[in-house]
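Please read the structure below before turning to the comments.
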Amino acid sequence: MIFRPANKEDVVPIVAMLADDELGAKRENFQDPLPDPYLEAFKKINLDPNQELIVVEENNEIVGTMQLSFIQYLTYQGGIRSQIEAVRIRKDKRGEGLGEKMFLWAISRAKERGAHLLQLTTDKQRPEALKFYEKLGFRATHEGMKMHF
């Protein structure tokens, strides 16, 4: 299994994974060719040293993806917080333990980059995900809120 930064050619399989679940199907627009906003977002992510869009390869095929963000702030004595988002596993590879391996890699990467914590949000419509994250050591310590525009 190989963890590596995504490249432009990976955007199509990444968006396919993002769209291939009940919630993602409602918010993504996966089509061929991909709409320009996806490629523009990739360019911005790729240029930002505080963003890492990662793909996971197995047998030269992309089987997973995630995005790590590194947020510098003044609190915690000028600490760095890492945020993990958009974790997806290709549908035919789910249930094989890949998610745990991906999170263990992300935890290690966040530490390597000097983060003092790794945080995530999970949709309340995914109770099984919450149990998975708790098994990995994450704790629900805060109540998150969002405002969509």
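Here Leu104 passes the criteria (1) surrounded by fewer than 12 Cβ atoms within 10 Å (Cβ to Cβ); (2) more than 15 Å from the chain's Cα centre (by Cα); (3) part of a helix (DSSP H, G or I) except the one numbered (2).
Among the residues of region 19-33, those identified as at pLDDT 85 or above and not in a loop (DSSP other than H, G, I, E, B) are Ala19, Lys26, Arg27. Checking the structure you have, find out if any residue of region 72-80 is crowded, with 16+ Cβ neighbours inside 10 Å and under 21 Å from Asn7 (Cβ atoms). Scanning region 72-80 turns up no residue that is crowded, with 16+ Cβ neighbours inside 10 Å and under 21 Å from Asn7 (Cβ atoms). Would you mind stating whether Ala86 is in a loop (DSSP other than H, G, I, E, B) and of a type in the set (A, V, I, L, M, F, W, C)? No; evaluated as a whole, the condition is false for this residue.
Whenever a residue of region 123-149 is in contact (Cβ under 8 Å) with a residue 60 or more places away in the chain, its partners that are part of a loop (DSSP other than H, G, I, E, B) and surrounded by 10 or more Cβ atoms within 10 Å (Cβ to Cβ), lying with C-beta atoms within less than 8 angstrom and at least six residues away or across chains, give the pairs Asp123/Leu23; Gln125/Leu23; Arg126/Leu23.
Taking the conditions (1) of a type in the set (Ser, Thr, Tyr); (2) surrounded by fewer than 12 Cβ atoms within 10 Å (Cβ to Cβ); (3) in a loop (DSSP other than H, G, I, E, B) in turn, Thr122 satisfies each one other than (2).
The values are calculated or read from the model by the stated rules, or taken from the named source; none is laboratory data. Not measured: the values here are computed from a predicted model. Cβ sites come from the backbone with ideal geometry, for glycine too, and all protein chains shown count toward neighbours.
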